Structure formats: structure tokens, C-alpha cells
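These notes are about the structure you will find just below.
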Amino acid sequence: MDIKNQVFIVTGGASGLGAASARMIVENGGKVVLADLQIEAGEKLAAELGGKFVKCDVTSEADGNAVVAAAQSLGTVVGLINCAGVAPAVKTVGKDGPHPLEVFQRVVRRPGGSSGLRFFESGCGRPDTAHGARFVAQRYSRHDDRARYF
């Protein structure tokens, strides 16, 4: 895929694998919108890369729509890199019984599920076959009991 002049959304883009992915995209001539809860780090990296930052809770539909709108302002959105993690700091079953159902529901509604892809689909429209297919990258770590998306 030719990355040059293409627009990508990177969730969890303020640090870690998300930041590394954003840097790689920009180094290859692409444009990025970083979506993260880490405001200071996200704004600093976006300024460094010449991209945009949007404070985003990836489980929020309104935040997801704001990210897509910011990305569309840069051009046609062709890629989504899901690196945001929603990992509760609770045991599945503790001495007082199972964790609250709300904790489980928040993790299930993470960006790697249908909500993140739905935002992406709404921002991209149809694949541009002349320039390659749309690109979505996400990695689920089966070895991490906190069920993070990287």
C-alpha cells in the first residue's frame, strides 16, 4: 500500500505501539490523526509529526465521530490502526466475587470490536481501488489476561 499522502487514524496514538505506528506513517509521507486520552503526550506528538490530536475515549460514539471528522479534514481516510487499550485493573473473580458487570461491558465495547470499525467505515466510504484497499490493523494479545488491543 502506498502510504504517501494517505490519511490514517491511530487510536492509542499518544504512546507505545500507537505512537510508533504514527511515526512510521508520517516517515513514509502519510498523514495521521492521533486518538487518545493522554492529552499532553498526544498534542506533543501530533505537533512533532504535523498531524492532529483528538482526545478520545474509544468506547464513546461521540468521540469516535470527532476523530473521523478530524481525519476527513485532512483528506480521504484510508486506514485505522487500533492501539488503544481498555484494560480494567480488577480481578475477574476476587475475594468478594466476580467484578462488576459494567467493567466487563466496557471492555467488550472496546475499539477493536464493531464500534471502532463502524467509525472507520463511516469515515472512509468505499475502498479506492486505484490506490489500494483500506487498511485496518489490530492485534489481540491472547496471552494478556487484560484483553488489550494493540
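The values are calculated or read from the model by the stated rules, or taken from the named source; none is laboratory data. Just so we're clear, the structure is a prediction, and the values are computed from it rather than from any experiment. For neighbour counting, all protein chains shown are included, and Cβ atoms are generated from backbone atoms with ideal geometry for every residue, glycine included.
What number of residues in the range 58-71 are surrounded by 16 or more Cβ atoms within 10 Å (Cβ to Cβ) and either in contact (Cβ under 8 Å) with a residue 24 or more places away in the chain or under 19 Å from L17 (Cβ atoms) (or both)?
8
Among the listed residues I9, I3, identify the single one that is of a type outside the set (G, A, S), out of contact with any His (no Cβ under 9 Å at 6 or more places or on another chain), surrounded by fewer than 24 Cβ atoms within 10 Å (Cβ to Cβ) and not in a helix (DSSP H, G or I).
I3
How many residues does the range 37-69 hold that are modelled with pLDDT under 95 and of a type outside the set (S, T, N, Q)?
12
If you scan the range 18-46, which residues turn out to be surrounded by fewer than 16 Cβ atoms within 10 Å (Cβ to Cβ) and under 22 Å from D63 (Cβ atoms)?
Within the range 18-46, L37, I39, E40, K44 qualify.
Taking the range 72-120 only, how many residues are in a helix (DSSP H, G or I), small (G, A, S) and either closer than 23 Å to R23 by Cβ or at pLDDT 65 or above (or both)?
Of the residues in the range 72-120, 1 are in a helix (DSSP H, G or I), small (G, A, S) and either closer than 23 Å to R23 by Cβ or at pLDDT 65 or above (or both).
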